[in-house]
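S.K.: Starting off with a structure, shown below.
The values are calculated or read from the model by the stated rules, or taken from the named source; none is laboratory data. Source: prediction; values computed, not measured. Neighbour counts run over all protein chains shown; Cβ positions are idealised from the backbone, glycine included. Areas reflect the complete protein model, heavy atoms only, side chains present, ligands, DNA and RNA absent. Shrake-Rupley method; radii C 1.70, N 1.55, O 1.52, S 1.80 Å.
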Amino acid sequence: MNNDLEDLFDRQPQEIVDGDYYFHTDNEGDQFDETDVKLWLEEGIFKEKWRQASQNDNELFSVFSEDVCKIFSCKHSAFLEIACGPGMGLTPMILSKNPQIPCLVSDACSLLVKSWRKFIRDNLTEYDINLSSFSVMDMPLKDESFDIITSFIGISSTRSGEQGKIKALSEVYRVLKPDGYFIAIENEWTDFNAIKKVFDLWGKPVWNSMKAEKSWKEKFAECGFTIESCEKSFCRRLHKEDNDLGEQADAFGIDIMLKFNLYILRKFVK
Ligand SMILES: C[S@@+](CC[C@H](N)C(=O)[O-])C[C@H]1O[C@@H](n2cnc3c(N)ncnc32)[C@H](O)[C@@H]1O
């Protein structure tokens, strides 16, 4: 771990592996296993995701890339990526334009983080990518540590419903420096009737995680953020490869639409 970033932690990790700090939060993240590791490292998923995001060869990222990278052209600060997942979020897009910027990339799943360490060691040595495994709902980081925090559906991916999202957003706010940026692409469902129809035909109750009590804007405001911009969006159909619901929607011939929005949020302290 880069010494400057190491100083930002406010507690000791349960484990340090290859210099990376692990806080044993696997229960909170996705339950990946060795089959996923094989796909990521041996079948080229990490490599392909990194290539697509860094070369703008991805329809969704190409819509947002200019707006995201514009912020880094003025501010060359280290950033924190939350819930990095198997795509590493916005990190490949940002580093492809700003290879010198250090970052701390995090996810609750330790197996994923260990796999990224292996991939970075073999393929991405030119970058200063630090890794840690912790939950975004309880970050082991000091207040006001980062100028920029980034998320690609990181808040959307948390597993404790609306309260979990508020907890995660409050943590992001706490860890941001005054005037800092939270750059987040988060998603939402656009047609609840279509979702209800698929669950009815499937014979299952609608998943709790799909019911948003508050809009993203309401959640951001509740946690203290000011919205600097939120005009850019991208819509796509839920695919059968996405999850069980996508598989059912495809089988019944019903389109469930997902909208991805880019939110540029600020922490302005009065
Ligand atoms: C669908 S991925 C999100 C997309 C990801 N940013 C990417 O670019 O691939 C979901 C990720 O969120 C992580 N996650 C879920 N809940 C979390 C939490 N509370 N804290 C940190 N990571 C979490 C999961 O472990 C998983 O890796």
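S.K.: Every residue in region 157-214 that is more than 30 Å from Asp10 (Cβ to Cβ) and aromatic (Phe, Trp, Tyr), please.
M.R.: Answer for region 157-214, where residues must be more than 30 Å from Asp10 (Cβ to Cβ) and aromatic (Phe, Trp, Tyr): Trp189, Phe192, Phe199, Trp202, Trp207.
S.K.: Another question about this same structure. Mind checking which residues of region 218-270 are in contact (Cβ under 8 Å) with a residue 40 or more places away in the chain, charged (D, E, K, R), assigned to a helix (DSSP H, G or I) and over 17 Å from Gly154 (Cα atoms)?
M.R.: Glu222, the sole residue that qualifies.
S.K.: Could you please find all residues in region 57-76 being over 16 Å from Ile264 (Cα atoms) and surrounded by 15 or more Cβ atoms within 10 Å (Cβ to Cβ)?
M.R.: Passing the criteria: Asn58, Leu60, Ser62.
S.K.: So, one more: Taking the condition of a type in the set (Lys, Arg), modelled with pLDDT under 95 and surrounded by 12 or more Cβ atoms within 10 Å (Cβ to Cβ), does Lys211 pass?
M.R.: yes
S.K.: Let me ask something else about it. With respect to Gly246, determine if the residue is touching a His at 6+ places or on another chain (Cβ under 9 Å) and under 29 Å from Asp67 (Cβ atoms). Before the answer, list the steps.
M.R.: On the way: touching a His at 6+ places or on another chain (Cβ under 9 Å): yes; under 29 Å from Asp67 (Cβ atoms): yes.
Taking the combined requirement at face value, the residue satisfies it.
S.K.: For region 166-201, which residues satisfy the criterion of being within 10 Å of the ligand (Cβ to nearest atom), over 20 Å from Phe64 (Cβ atoms) and crowded, with 23+ Cβ neighbours inside 10 Å?
M.R.: Once the filter is applied, which keeps residues that are within 10 Å of the ligand (Cβ to nearest atom), over 20 Å from Phe64 (Cβ atoms) and crowded, with 23+ Cβ neighbours inside 10 Å, region 166-201 yields only Ala168.
S.K.: Out of the residues in region 154-163 meeting the condition of being of a type outside the set (S, T, N, Q) and modelled with pLDDT under 95, tell me which one is nearest to the ligand (Cβ to nearest atom).
M.R.: Here the answer is Arg159.
S.K.: Provide a single number: the residues in region 77-100 that are surrounded by 19 or more Cβ atoms within 10 Å (Cβ to Cβ) and over 14 Å from the mean Cα position of the chain (by Cα).
M.R.: Number of matching residues: 1.
S.K.: Moving to a separate point now. Out of all the residues in region 109-130, is one or more open to solvent by 50 Å² or more (accessible area, probe 1.4 Å), under 20 Å from Gly154 (Cβ atoms) and more than 10 Å from the ligand (Cβ to nearest atom)?
M.R.: Yes, some residue in region 109-130 is open to solvent by 50 Å² or more (accessible area, probe 1.4 Å), under 20 Å from Gly154 (Cβ atoms) and more than 10 Å from the ligand (Cβ to nearest atom).
S.K.: Another question about this same structure. Cβ-Cβ below 9 Å, separation at least six or inter-chain, first residue in region 99-124 and of a type in the set (D, E, K, R), second away from the ligand (no atom under 15 Å from the Cβ) and part of a strand (DSSP E or B): which pairs?
M.R.: Lys114/Val17; Arg117/Val17
S.K.: Give region 131-153 a look and list any residue that's among the charged types (D, E, K, R) and either in contact with a strand residue (DSSP E or B) (Cβ under 6 Å, 6 or more places away or on another chain) or away from the ligand (no atom under 12 Å from the Cβ) (or both), or say none.
M.R.: Of everything in region 131-153, those that are among the charged types (D, E, K, R) and either in contact with a strand residue (DSSP E or B) (Cβ under 6 Å, 6 or more places away or on another chain) or away from the ligand (no atom under 12 Å from the Cβ) (or both) turn out to be Lys142, Asp143, Glu144, Asp147.
S.K.: Next question, about the same structure. Suppose we filter Glu231, Glu171, Glu241, Glu144 for residues that are over 15 Å from the mean Cα position of the chain (by Cα) and farther than 27 Å from Asn58 by Cβ; which single one remains? Talk me through it step by step, then tell me what you get.
M.R.: On the way: Glu231 fails: farther than 27 Å from Asn58 by Cβ; Glu171 fails: over 15 Å from the mean Cα position of the chain (by Cα); Glu241 fails: farther than 27 Å from Asn58 by Cβ.
Among Glu231, Glu171, Glu241, Glu144, only Glu144 is over 15 Å from the mean Cα position of the chain (by Cα) and farther than 27 Å from Asn58 by Cβ.
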